[in-house]
Amino acid sequence: MEIQKEEGENLYKQRKSLGAIFLQLMFSHFGLFIVVAFYAVLGAYAFVEIELPYEERLYEIKRTEAEAINNTINYMANLFWYYQDKNWTYYDFNETVYKDLKRMEDYIIRAVKTTRYDGEVKGWNYAWTIPNSLLFTMTIMSTIGYGHIAPKTKWGKVFCVVYAMTGCPLLLVFLGNLGSAMADSFIYLYSRCFCRTCRSRRNLEELPPNASKKQRKLLIDDVVGKEEYMPTEKINVPITLNLVLLFIYIMLGAVLFSFWENWDLTSSSYFTFVTISTIGFGDMVPGAALLDKASIDAAFKMLVCIVYILLGMALLSMCINLMQEQLVDKWKWMAKEIGLRKKNNEVKAKKDTSVKKPKEKKKKKKKATGNQPPSAPPKPLPPPSPRLSRDPSPLPRSGTPDTLPGSLADL
């Protein structure tokens with residue numbers, strides 16, 4: 001029994017360890033990338049399966065409409081030949097032919113708008129191909145939304161809503177982890193490459209004049225993050241360096257897409273910025289070299305395009321996070337200099353005066369009540385001064401000297 005218990009515990013530990021390893025792998029950067037890629041590909045195939053039958057029906061409608069237009073053209077040709085045999089004036093003939101041609105023009109324009117008529121009976125540019133659908137799923141997850149294609153069926157719209165509710169948070173988590181990893185790596189490279197010269201100069205300045213090379217402190221001995229001067233954990237990457245990095249990345253994408261799509265450099269840089277910032281107007285879409293040809297070259301270009309977009313979004317979030325604290329500090333400093341924000345010394349002084357004054361009054365009151373000696377008993381009132389005695393009898397209203405008291409009559 002004990003042996004069986006031990007074997008069961010060992011199996012439970014092995015399963016638990018395998019589950020922990022699987023979860024760690026899934027929530028790592030590589031694991032999240034695999035999950036995002038699998039989710040995007042799965043969504044692409046799902047959208048193709050949902051929307052492709054509807055597009056096949058549109059192709060059938062377009063083909064029948066194109067055949068009807070060809071029959072109408074043949075009818076118009078025969079009709080004009082019939083008009084030739086009539087004894088019409090030049091004005092009547094031109095007016096009749098113009099009306100017929102105008103009806104034909106309206107009919108063709110309506111067919112182009114409703115059935116995507118392109119002048120041919122056979123041939124159809126399928127919108128819901130795997131490359132198109134994959135680009136569509138990435139624009140959903142990244143909230144770019146080019147708008148080059150959109151679901152037309154009821155179930156396609158419902159699936160798009162459900163897919164976006166899961167895909168957008170998934171991609172945001174992946175981009176957040178990727179951006180934090182890129183920020184840590186960038187800060188480490190900046191600290192070990194650009195700040196190294198400052199540390200070496202500081203070490204040389206701190207040495208005594210007659211010091212030997214053995215007494216010189218080596219930068220290799222510094223622990224990363226705990227350096228004595230300019231530690232890596234407290235370094236702020238300059239804003240200008242972040243902006244330069246973004247500019248270089250945008251220009252690299254601009255050159256690449258201008259070569260693939262035959263765009264000018266200005267339009268290509270505009271497209272890269274609008275895409276990376278997830279604005280996504282949809283006026284420019286990478287389709288000439290990526291979506292029109294079903295070949296290995298087009299698939300490779302599509303993969304490069306998706307990786308460029310994802311890395312660009314992560315790079316933009318990284319630069320924003322690195323610049324955020326510095327921008328807030330600079331705005332606070334500017335507000336203090338302009339006068340929109342009070343300085344810290346004035347705020348502290350006002351707080352101290354508003355807090356300490358009532359406390360001092362209370363203390364004074366307590367001291368006055370505590371140190372005061374007990375009050376003495378009240379002094380006796382002085383004896384009343386001798387006054388003229390009066391007769392308690394009331395005076396008459398018609399008072400005369402005869403009726404006054406004797407003491408006053410004597411006076």
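Observations on the model:
Conditions tested, residue by residue: (1) open to solvent by less than 20 Å² (accessible area, probe 1.4 Å); (2) under 30 Å from I235 (Cβ atoms); (3) in a helix (DSSP H, G or I).
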{"site": "V97", "(1), (2), (3)": "no, no, yes"}
{"site": "G119", "(1), (2), (3)": "no, no, no"}
{"site": "Y146", "(1), (2), (3)": "yes, no, no"}
{"site": "L170", "(1), (2), (3)": "no, no, yes"}
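- Residue match in the range 128-137 (condition: surrounded by fewer than 19 Cβ atoms within 10 Å (Cβ to Cβ) and farther than 30 Å from V307 by Cα): no
- Flag if N78 is open to solvent by 80 Å² or more (accessible area, probe 1.4 Å) and closer than 30 Å to S277 by Cβ: no
- Meets criteria (in a loop (DSSP other than H, G, I, E, B) and buried (at least 16 other Cβ atoms within 10 Å of the Cβ)) for V237: yes
- Exclusive hit being open to solvent by 60 Å² or more (accessible area, probe 1.4 Å) and either on the phi > 0 side of the Ramachandran plot or aliphatic (A, V, I, L, M) (or both), set I21, I69: I21
- Residue satisfying condition, being assigned to a loop (DSSP other than H, G, I, E, B) and either at pLDDT 60 or above or more than 30 Å from the chain's Cα centre (by Cα) (or both), within set K342, K357: K342
- Applying a threshold of 8 Å to beta carbon distances and a minimum spacing of six or more residues, or different chains, the list of pairs starting in the range 103-124 at a residue that is small (G, A, S) and ending at one that is modelled with pLDDT of 90 or more and in a loop (DSSP other than H, G, I, E, B) reads A111/Y117.
- In the range 125-143, residue farthest from the chain's Cα centre (by Cα) [restricted to those that are part of a loop (DSSP other than H, G, I, E, B) and modelled with pLDDT of 90 or more]: W128
Here's the yes/no breakdown for (1) at negative phi; (2) in contact (Cβ under 8 Å) with a residue 60 or more places away in the chain; (3) in a helix (DSSP H, G or I); (4) among the hydrophobic types (A, V, I, L, M, F, W, C):
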| position | (1), (2), (3), (4) |
| --- | --- |
| Y270 | yes, no, yes, no |
| D297 | yes, no, yes, no |
| V304 | yes, no, yes, yes |
| V307 | yes, no, yes, yes |
| M313 | yes, yes, yes, yes |
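The values are calculated or read from the model by the stated rules, or taken from the named source; none is laboratory data. Only a predicted model underlies this, so the values are computations on that prediction, with no experimental measurement involved. Note that each Cβ is placed from the backbone with ideal geometry, even for glycine, and that neighbours are counted across all protein chains shown. What goes into the accessible areas is simple: the full protein's heavy atoms, side chains included, and nothing from ligands, DNA or RNA. Shrake-Rupley method; radii C 1.70, N 1.55, O 1.52, S 1.80 Å.
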